[in-house]
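Data first, discussion second: the structure below is written as structure tokens.
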Amino acid sequence: MNAYIQEVLDGLKARAPWEAEFLQAAEEVLESIAPLIEKDPKYKAQRILERIVEPERTVIFRVPWINDKGEFIVNRGYRVQFNSAIGPYKGGLRFHPKVTLSTLKFLGFEQMFKNSLTSLPMGGGKGGSDFDPNGKSDNEIMRFCQSFMSELFRFIGPDTDVPAGDIGVGGREVGFLFGQYKKLTNEFTGVLTGKGRSFGGSLIRPEATGFGAIYFAEEMFKLKGQTLKGKTISVSGFGNVAWGACIKAADLGAKVVTISGPDGYVFDPDGINTKEKFAYLEEMLVIDRNKVETYVRKFPNAKFFAGKRPWEQKVDIAMPCAIQNELSGEDAQNLLRNGVQAVVETSNMGCTPEAWKLFIEKKIPFAPGKAANAGGVATSGLEMSQNSARLSWTAEEVDARLHQIMVNIHSTCVETAKEFGFDGNYVIGANIAGFKKVADAMIAQGLV
């Protein structure tokens, strides 16, 4: 490994060896940009790597709230504002009991390069809390969100930091957060994305991450002279991302055959490809966001596999859509044995290093999350544009813009990888292209 890169990684590990997810993300990016660092000495001279792996600001705060029993509860809230060199901090809020600072640093770090790839003026950030919305009443979630925003509002704004949703933060939570921000600041601005349509939200936003990932997959197969028509796809999760992927795959003639949850996965040989099934995916989140088994009660031709992951099924395309490190080296071996043709990482860092390195070694096209799942934040950026201009675009306009952004991201990854002698390596292409734009902006703005 490049000596300068190793020095930076060693420093990170010495300072916070417990931040496993963040260290994993930093290692992946820094290792893959070595060709650029060796080609252009200015990045070392300006100590860009040391600067870019350190958030510009990290805010940690308590979130006190009262549950329906009248009991006092205290959670921890975070906002990691990683980099604002190319625009205001932009990234979601995650409410999940396993949220830690390491989780949010890795997500914010990835977000910085993902946002860069969209070509929209957005920096990188991420936030959230160890609050678990599952099983909570609407009133409990409202009280939590109001308490959370009562602290966070000091650090965000439409030209400073624009949060969005993520795991555990959907339209309901964004509505409560926005209402409290508006009350505290006495202003109606596009400070949050993923809002409801009645107060500044954008059409296509809930589906956008899944739509964008399918568009990216479509471009990957175009390079082979193929289309997605007739392809089978395995996805994990059953939230907005998986839902969007199912809808757009069906539009393009492909067939998603799996979804998954904490309890196991469902295999539907008929495909999750009808309006009735799309609607039921949304309903399942309301019934119990921890159980995917309910699907087979509604559609008995499907089969439920308790405690297992979907990567054992024979499919053409695998799309991890749920959470980090959900597809292991062993899962990758299963997919390879079953003849997988492409892997599109739709969750953030959804594959372990053992998995994605194996796909690259075996010449299976592998799209990293920061490229493939950029459709969500790209559409958030389009929502910001609509809010700033006081406009509302049609679903067709938003979808067309999203499609073009994903086509451009794919082209950027392919061309950058080829430029540095790694033709077909989407990881190197995405990381170098995303890094270079942010790093060059940092150099232009001086040592700040």
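Pairwise alpha-carbon distances in the chain exceed 43 Å for 8% of all pairs. With springs only between Cα atoms under 10 Å, which of Trp243, Trp18, Trp356 fluctuates most in a Gaussian network model of the chain? Top of the fluctuation ranking is Trp18.
Please compute the net charge surrounding Trp356, taking Lys and Arg as +1 and Asp and Glu as -1 over other residues with Cβ under 9 Å from its Cβ. Combined, the nearby Lys, Arg, Asp and Glu give -2.
Of the residues Met284, Met319, Met384, the one with the fewest other Cβ atoms within 10 Å heads the list, and the complete ranking is Met284, Met384, Met319.
For the stretch 101-108, backbone phi angles converted through the Karplus equation (6.51, -1.76, 1.60; θ = phi - 60°) give residue-by-residue couplings of 4, 4, 4, 6, 5, 5, 5, x Hz, Gly and Pro being listed as x. Which stretch or stretches of the stretch 416-448 have amide N atoms under 19 Å from the point lying 7 Å from Ala45's Cα along the Cα→Cβ direction? Residues 436-448 qualify, since their backbone N sits under 19 Å from the label point. Across Ser147, Ser119, Ser198, mean-square fluctuation computed from a Gaussian network of the chain (C-alpha pairs under 10 Å connected) peaks at Ser198. Here the spin labels are modelled as points 7 Å beyond Cα on the Cα-Cβ line, and at Asn139 and Gln6 they lie 6.1 nm apart. The amide H of Ser236, built 1.01 Å from its N in the peptide plane, has Met319, Cys321, Ala322 as neighbours under 5 Å, considering only residues 5 or more places off or on other chains.
Under a Gaussian network description of the chain, with springs only between Cα atoms under 10 Å, the residue in Pro353, Pro55, Pro300 that fluctuates furthest is Pro300. Each Lys or Arg adds one and each Asp or Glu subtracts one; over the other residues with Cβ under 10 Å from the Cβ of Asn301, this totals -1. Tell me whether the stretch 304-448 comes out rounded, prolate or oblate; compute the Cα gyration tensor, take square roots of the eigenvalues as a ≥ b ≥ c, and use a/c under 1.5 as the rounded threshold. Oblate is the answer for the stretch 304-448, as a/c is 1.5 or above yet b/c matches or exceeds a/b. Exceedance of the 25 Å cut-off in Cα-Cα distance is limited, within the set Lys222/Lys255; Lys195/Lys222; Lys90/Lys363, to Lys195/Lys222; Lys90/Lys363. Near Leu391: Cβ cut-off under 12 Å, other residues only, Lys/Arg at +1 and Asp/Glu at -1. The net charge is -1.
All of the numbers you see were taken from the coordinates with simple rules; none came from a lab. Owing to the predicted nature of the structure, the values given are computational and were not obtained by experimental measurement. Glycine also receives a Cβ, built like all others from the backbone with ideal geometry; neighbour counts cover every protein chain displayed.
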